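Worksheet: one structure, shown below.
The values are calculated or read from the model by the stated rules, or taken from the named source; none is laboratory data. Predicted model, so just to flag it, every value in this text is computed and none were measured. Here the Cβ is made from the backbone with ideal geometry for all residues, glycine too, and neighbour counts use every protein chain on show.
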Amino acid sequence: MLGEVLESRRVVVCVGSGGVGKTTVSAALALRAAMNGRKALVLTIDPARRLANSLGLPTLGNVETRIGEERFAAAGLKPSGELWAMTLDLRRTWDDLIERYAPSAERRETILHNRLYQALSTGLAGSLEYMAMEKVYELERAGGYDLVVLDTPPTAHALDFLDAPNRLLDLFSHDAARWLLGGALGAGRVGLSLVHLGSSYILKTLARFTGVELLQSLAEFFVAFQGMYDGFHERAKATKALLSGEKSAFVLVTSPNPLTVDEAVFFAHELKRSEIHVAAGIVNRVHENPLWQPGATDAPDIARALAHERVPNDGRPFLSERLETTVTELSVLAQRDEREIERFHEATGGAFALHVVPRLARDVHDLAGLWQVLEAMHEHGGG
C-alpha cells in the first residue's frame, strides 16, 4: 500500500506528534520515490532543522536543493529518479505571497515594511501551517516534481494543520478590521492620532497600553491588506482541496510509546471524521525481540559464545549473566511495543496498513541511514 502511494500520488503529508521521527520518515519516503524513478521533493517546516542532518547536508533553505550523485554514491545507491529537499523559510514565503497579491508596488512596499506585518508573518499562530500549505500548493501547481513529501510540524490536534490557516485569515478579514478600526478603515486613513480615535473605547484603551504608534502600524496594515484578503482566502481553499483530494495522501507516523499511540488513534479518528483518508500508518523505533533472532539468549549459551570469540566472561555478575538480563529486558520492551501496535491496529479498525520501522543501532545522518530505514521497514504482520 505504501509503495503504491509513493508511486501514484502527487503529495504525501506526514502527520503525527512530536518526537516520533517524522522528519526522518518523510525523508526516507522521498528517497524511496527517487530510487524508483520519481522526481521527489521533501519539504519540512520543522523549526529544529533535522532534515538537513538526516540527508547529511550542512544546511537547507527556502530554495529547493538537489541531493547530488556523490551523496548517493557514498551510500552505495544509484537512483533512477531525483531527490530534492528544502526547509520552509516562513518570512520569505510570506513576502512572496504579498508580492503576488499586492495590487500595486506602493501597497506591496507598505505591507513589507510595516512593523506589525514583520512581527505577524513570523510569530502569529497558524502562520507556519498556512505558509506550508501555500508552498505545497505552489510546488504542485508548478509541476516540477512528481511527488512532494511534506513533513508537518508537531501538533496536538491533527486538523490544526488544515484549519489553522483559516483561523489566521479570519484575523485579516474586512469584518475584523472594521470592528477594530471602524471609520478609519473606511476612510483609508493610516495617520491615526488620539483625535482620530474618536469614540472608540477599544482603540482608546489599546492606545493607553500600546501607544498610538503601534495602532498606526495596525491601521496601516489593515488598510493596505484590504482587497487582498479574497485572494489569500481562495488560495487557502484551493490548497485544502488539494490536500484532501485524490492527488494527496496522508501518512500517520507514531512510535510504540503508549502516549503517542493514544495520540495517533485520536489523530486517525479526527481525520476520518473530516473525511480525510489516511493511506498508511508507520510505527517508528520499534524494539525487536532478541528471543526471535538467531543466537545465544541465556547465560550458558552466551558464555560459550563469548569463549568462542575469546571474550573474557568476567565481572560480578559474569558478563554472560548481565547479557542475559539485557536480552530479557529487550524482550519485555519488544512485547510491549507489539501490544501497542496491535492496539493501534484494532483502535483504527484496520482502516489502513501499518508499517513498522525497527529501532536502529545509530542515528540517521546520511542517505545510507535513510536507506537502512527503508530496508528495515516492513508491513505489520508481514515479517
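Any residue in region 322-336 that is in a loop (DSSP other than H, G, I, E, B) and touching a residue at least 40 places away in the same chain (Cβ under 8 Å)? Checked against the condition, which is being in a loop (DSSP other than H, G, I, E, B) and touching a residue at least 40 places away in the same chain (Cβ under 8 Å), region 322-336 yields no hits at all. The residues in region 82-125 that are of a type in the set (Gly, Ala, Ser) and buried (at least 17 other Cβ atoms within 10 Å of the Cβ) can be counted, and the count is 3. Looking across Leu77, Leu116, Leu97, Leu31, one residue alone is in contact (Cβ under 8 Å) with a residue 60 or more places away in the chain and either touching a strand residue (DSSP E or B) at 6+ places or on another chain (Cβ under 7 Å) or acidic (Asp, Glu) (or both). It is Leu31.
At least 1 residues being out of contact with any His (no Cβ under 6 Å at 6 or more places or on another chain), of a type in the set (Val, Ile, Thr) and modelled with pLDDT of 80 or more is the threshold, and among the helices (runs of 4 or more DSSP H) wholly inside region 101-176 those reaching it are 105-112, 127-142.
Would you confirm whether any residue within region 242-254 is at pLDDT 90 or above and small (Gly, Ala, Ser)? Scanning region 242-254 turns up at least one residue that is at pLDDT 90 or above and small (Gly, Ala, Ser). Screening Lys78, Lys39 for residues that are touching a helix residue (DSSP H, G or I) at 6+ places or on another chain (Cβ under 8 Å) and either in the same structural domain as Val357 (by TED's automatic domain parsing) or closer than 26 Å to Asn284 by Cβ (or both) leaves exactly one candidate, Lys78.
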